[in-house]
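The structure appears below as structure tokens.
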Amino acid sequence: MTELAFWVIAIVLVSSALAVVLLRNVFRAALLLIVCFFGVAALYITLNADFLAAAQVLIYAGAIGILLLFAIMLTRDLHSGNPFHRLHLPALVLSLLLLATIIGVVIGTDWTTISEVPQVVEMPLDEPTTSYIAIALFDQDNGFVLPFEIASVLLLAALIGAVVLVRREGKD
Amino acid sequence: MNFWLLSPELSLCGIALAVVLLDLVIEQKKVLAVISVFGLIIPIAFTIALWGEQQASFSGMLVVDNFSLFFKFLILGISALVIISSVDYVKKFARFQGEYYALILFSTGGLMLMCSTGELISIYIALELASISLYALVSFLKDPKSSEAGLKYMILGAISSAVLLLGMAFVFGITGSTHLDQIADKVSTLVSGGQLWDSPALLFGIVLMVAGFGFKIASVPFQMWVPDVYEGAPTPITAFLSVASKAAGFAVILRVFYTAFGIEAISADWGMIFAVLGAISMTLGNVVAIAQTNIKRMLGYSSIAHAGYIMVGLAAISTLGKSGVLFFLAGYALANLGAFIAIIAISNKTGSDEISDYSGMSRRSPVISFILAFCLISLIGIPPTVGFMAKFYIFNAAIQQDLLWLVIIAVLNSTISAYYYLRVVKVIYIGEPLSDEPIPSSIPMRVSLAITSIGVLVLGIYPWIVLRLAETAVVTFP
């Protein structure tokens, strides 16, 4: 059952992602990107990651998707679509090479060698994950507190940078 | 959690916040620069007070040892010099001075954290903190060139972050941990049998991580952003990018590769990757630099070449090589900052970065011209400057590891580089001046020029002052 779900999701995910790259109409590409985001959320559900799936829908499919559509609607010259350039063929060859490498690496590696590495928190498979994620993030002894705090500074810096770039020089 | 270990970063963030808030009430914006520079003394003092500490906190994510403290001190010093030399430059964006200084400080904080984390996720977030602040700073001038530079830097930076994350994901996938020391344990069991090729995922992860970090240090083939970004960005930010960002990039590479992938079975493999990339970087950087007419672009290509020289030290997997990298970065920071500060002083008056406009500059401003020439000579690597000592030390390390071919390429490259550096010196001293107006220099400019040029000279004669520190710093790694 899970396997069937995986393959259905995988096909939807890969085909929508391909369409995002290949479509010339930017608006359609953005809509398909949202489909792609939903696909990732579905993938999380098959992996029992309920919190991540909800966050994926809320943040990516919801917030980022809508922001993207707004940005496209407010942009002029939408009809011309993606600008044409001469590097299509080299880009295609390079991407295919990278894809072949990644597939080769994934198939060629013996992934079963991953033995027990001490985890931040032991998590039972059939329980909601939210509280466990919180423990992993904020645990006093071995949680990911530092990156979390750096992320808050990062957001502040991004905010300040965005304000500077958007406002015009001179009196307002 | 030991907040004492985090004190340099915490105090730095405090100063950045203070600058942002005081910007609201202070009319005289120069005060903000004074607050930033004198504020930086606090984290510098904490860094010096922590020297000798050898501890990890935040479950191994914050690693405080002499290695990270060496880089923190270097980056804080660079940041202070960049802020001092911006004081005149900021009149170009008078309205956003507070944000300008605050973003430099945030970026400094990110770079410092990059140097002192022992965990991949923290490394990534710290790198993003440094980069996102820099994306904004690069497009601060808001003219077409600066905006183009910012956009290019951001798009290519985002791609390189994605590549880095993919590499980290592969490494995490095969080792099951993001902590460098745990990765090291797992790696030693994974490749105990023989070659890196036995585990393609690990090899691929390492290659992708080299690519991601390679963007930060501007090595081939991830150097394409350098010339445009260096030319378009505000000159003090170009200086900051070329030294601080590069230093932090090398610090992360040293820590990740020596801690996580340091076992002998595979260190020769990634050493060879760095040797080849280094040889290509220096050759490409130096050859293309010859054709440049804009001095910022020329120094951009020169910074690609210098990334190549420093990678010689990475390729020589030995204590000598590691401490050589640290010393080279310190010397390069001094010489390159000195050159850039002189360029800022000159372009504040002439408004041009074209080499042809430097004609006869020695008669308009003998001191600034001399310092610029002196710093360029240090970048070539001619005694009695620090550039000579740095190259001597790092090439010596490579020879002891039987990397003679790499050293020959590096020495040939240094000779090529003499051509375009000395061409600038020739224009300055032999060309006819375009006007008789002298180049004015304010007190902050004089202070920063004096610090860098004295540093270049003193470290060129007594390199031991910093070399000893560099040697104690790299003891951290086996």
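The values are calculated or read from the model by the stated rules, or taken from the named source; none is laboratory data. Here the structure is a predicted model, which means the values were calculated and not measured. So basically every Cβ, Gly included, is an ideal-geometry build from the backbone, and we count neighbours across all protein chains shown.
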Collect the residues in the range B:25-63 that are touching a strand residue (DSSP E or B) at 6+ places or on another chain (Cβ under 7 Å) and among the acidic types (Asp, Glu), keeping them in residue-number order.
B:Glu53
Say whether the condition of being over 19 Å from B:Gly232 (Cα atoms), out of contact with any Pro (no Cβ under 7 Å at 6 or more places or on another chain), assigned to a loop (DSSP other than H, G, I, E, B) and aromatic (Phe, Trp, Tyr) is met by at least one residue in the range B:93-108.
no
If I filter the range A:118-143 down to residues being in contact (Cβ under 8 Å) with a residue 12 or more places away in the chain and assigned to a helix (DSSP H, G or I), which single residue comes out as nearest to the other protein chains (Cβ to nearest Cβ)?
A:Ala136
Selection status of B:Gly150, small (Gly, Ala, Ser), more than 11 Å from chain A (Cβ to nearest Cβ) and either within 22 Å of B:Glu128 (Cβ to Cβ) or not in a helix (DSSP H, G or I) (or both)
no
Quick check: is even one residue across the range B:330-351 farther than 16 Å from B:Ala239 by Cβ, in contact (Cβ under 8 Å) with a residue 60 or more places away in the chain and buried (at least 20 other Cβ atoms within 10 Å of the Cβ)?
no
List pairs: first residue in the range A:94-108 and more than 9 Å from every other protein chain (Cβ to nearest Cβ), second residue part of a helix (DSSP H, G or I) and of a type in the set (Val, Ile, Thr) anywhere in the structure, Cβ distance under 9 angstrom, at least six positions apart or on different chains.
A:Ser95/A:Val21
Would you tally the residues in the range A:1-51 being in contact with a Ser or Thr (Cβ under 7 Å, 6 or more places away or on another chain) and over 30 Å from A:Tyr132 (Cβ atoms)?
1
Name, by its number, the condition in (1) within 12 Å of another protein chain (Cβ to nearest Cβ); (2) at pLDDT 90 or above; (3) surrounded by fewer than 21 Cβ atoms within 10 Å (Cβ to Cβ) that does not hold for B:Arg95.
(2)
Being within 29 Å of A:Glu127 (Cα to Cα) and part of a helix (DSSP H, G or I), is that true of even one residue in the range A:26-34?
yes
With the checklist (1) acidic (Asp, Glu); (2) surrounded by 15 or more Cβ atoms within 10 Å (Cβ to Cβ); (3) modelled with pLDDT under 85 in hand, flag the one item A:Glu127 doesn't pass.
(2)
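Matching residues to (1) modelled with pLDDT under 95; (2) closer than 20 Å to B:Ala307 by Cα; (3) of a type in the set (A, V, I, L, M, F, W, C):
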{"position": "B:Phe392", "(1), (2), (3)": "yes, yes, yes"}
{"position": "B:Asn396", "(1), (2), (3)": "yes, yes, no"}
{"position": "B:Val424", "(1), (2), (3)": "yes, no, yes"}
{"position": "B:Ile439", "(1), (2), (3)": "yes, no, yes"}
Cβ pairs under 9 Å, 6+ apart or interchain, first in the range B:254-283 and touching a residue at least 12 places away in the same chain (Cβ under 8 Å), second among the charged types (D, E, K, R) and part of a helix (DSSP H, G or I), ordered by first then second residue, are B:Leu254/B:Lys322; B:Tyr258/B:Lys322; B:Thr259/B:Asp181; B:Ala260/B:Asp181; B:Phe261/B:Asp269
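Residues are listed down the side, and each one gets a yes or a no for (1) outside any helix (DSSP H, G or I); (2) over 30 Å from B:Ala473 (Cα atoms):
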{"site": "B:Val287", "(1), (2)": "no, yes"}
{"site": "B:Ala291", "(1), (2)": "yes, yes"}
{"site": "B:Ser302", "(1), (2)": "no, no"}
{"site": "B:Ala307", "(1), (2)": "no, no"}
{"site": "B:Met311", "(1), (2)": "no, no"}
{"site": "B:Ile343", "(1), (2)": "no, yes"}
{"site": "B:Ile377", "(1), (2)": "no, no"}
{"site": "B:Pro383", "(1), (2)": "yes, no"}
Is there a residue being more than 13 Å from chain A (Cβ to nearest Cβ), out of contact with any strand residue (DSSP E or B) (no Cβ under 8 Å at 6 or more places or on another chain) and part of a helix (DSSP H, G or I) anywhere in the range B:116-130?
no
Could you please find all residues in the range B:185-210 being aliphatic (A, V, I, L, M), modelled with pLDDT of 90 or more and closer than 15 Å to B:Ser267 by Cα?
B:Ile206, B:Val207, B:Met209, B:Val210
Quick check: anything in the range B:69-78 β-branched (Val, Ile, Thr) and either away from every other protein chain (no Cβ under 14 Å) or part of a helix (DSSP H, G or I) (or both)?
yes
Test each condition in (1) in contact (Cβ under 8 Å) with a residue 40 or more places away in the chain; (2) within 14 Å of chain A (Cβ to nearest Cβ) for B:Phe204 and report the one that comes out false.
(1)
Those residues of the range A:144-156 that are within 7 Å of another protein chain (Cβ to nearest Cβ) and either in contact (Cβ under 8 Å) with a residue 40 or more places away in the chain or farther than 12 Å from B:Ala126 by Cα (or both) come to a total of 2
